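What follows is a short report on a single structure.
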Amino acid sequence: MAEKPDEVVTWENAAPGVVVVTMARPPANALGVALLDGLHSAMDAAEKAGDVKVMIVTSALPGFFAAGADIKHLDTIDAASFTEYGDKMRSVNDRLAAAPWISIAAVDGLALGGGLELAMAATLRVSGRNGRFGLPEVKIGLIPGAGGTQRLPRLVGRGRALDIMLTARQVPADEAFRIGLVDRLTDGDVLPAALDFAGQMAGASLPAQLAVVRTVDAAFDQPFVDGAEYEVAQEQSLFEDGEAAEGITAFVEKRPPRFA
């Protein structure tokens, strides 16, 4: 019987403005078509709700965030189907990266290949001590093709990215945190740590937060002068059309801001 997207991906509101998306495709959350479609469905639901400020993507399977592409599926398809499957993986990652909310990948197990590419598409990453990260595609004669060769160097630098990809090694959580692949490392359960992280961001202006992300990302894609001009444009837009008026007035009136 074919898998259904809602059988392998579920989502629920964990707090006001915070939704938790959970992958559960035993044994290792291989990124099959149903799981990818389920992630799209979760983002569809978040867009329809209109009030999501933070999305946490995590796993219900002990020891695994996502083990990567569905290799058994790859073994059965031709070149045209391979292109279609790769496009589906990329569309999930690109959509998550461009989503109108902050996203957090909560990892406490293996995040390999496409699983790490999914985690890197999130705005931020939280890991437990059991997290292990890698892009081992060279072992099967491929390269990371769903954003891995582009996002990993932006997070850890060229040399470290090449080290990880050319050796196909698994990076333990403490090293991942040290080199910037992981943003927060917890000794406890990873989902509560991610929810705490989300809670720390919940009171701020989402348009301003998204502008921060866009402007910081621009620093990697263009010269400083162009990036600085983009920063000015984002700041001006927030003042004219964003939530800055409410934030400034609340500061003057010594009260919490009432952001949307």
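Compute the angle between helix 224-241 and the longest alpha-carbon principal axis of the chain, please, reported from 0 to 90 degrees and rounded to the nearest 10. Compared with the principal axis, the helix lies near 60 degrees.
Note on region 151-217: the C-alpha convex hull projects to 5.6 nm² when averaged across all orientations. Between the labelled values (i) 16; (ii) 20; (iii) 24, the entry that holds percent of Cα pairs over 32 Å apart as derived from this structure is (iii). Ordered by the number of other Cβ atoms lying within 10 Å of each residue's own Cβ, fewest first, V252, V232 fall into the sequence V252, V232. By the rule of a C-alpha distance below 27 Å, with chain neighbours fewer than 8 residues away ignored, the lysines paired with K88 are K4, K48, K53, K72, K139.
Here K254, K53, K72 are placed in order of increasing Cβ neighbour count within 10 Å, fewest first, which gives K254, K72, K53.
Between helix 158-167 and the chain there is an angle of about 20 degrees, using the helix long axis and the longest principal axis of the Cα atoms.
When you count the other C-beta atoms within 10 angstrom of each residue and take the mean per peptide, 115-121, 191-197, 218-224 line up highest first as 115-121, 191-197, 218-224.
With neighbour counts taken as other beta-carbon atoms within 10 Å, the residues T249, T76 rank, fewest first, as T76, T249. Relative to the longest principal axis of the Cα atoms of the chain, the long axis of helix 206-218 makes an angle of roughly 60 degrees. The stretch between I143 and S81 holds 20.6 nm of extra length on full extension. This uses 0.36 nm per residue minus the Cα-Cα distance.
No lab work stands behind these numbers, since they all come straight from the coordinates. Just so you know, these numbers come straight off a predicted model, no measurement behind them. Positions of Cβ are backbone-derived with ideal geometry, glycine not excepted, and every protein chain shown enters the neighbour counts.
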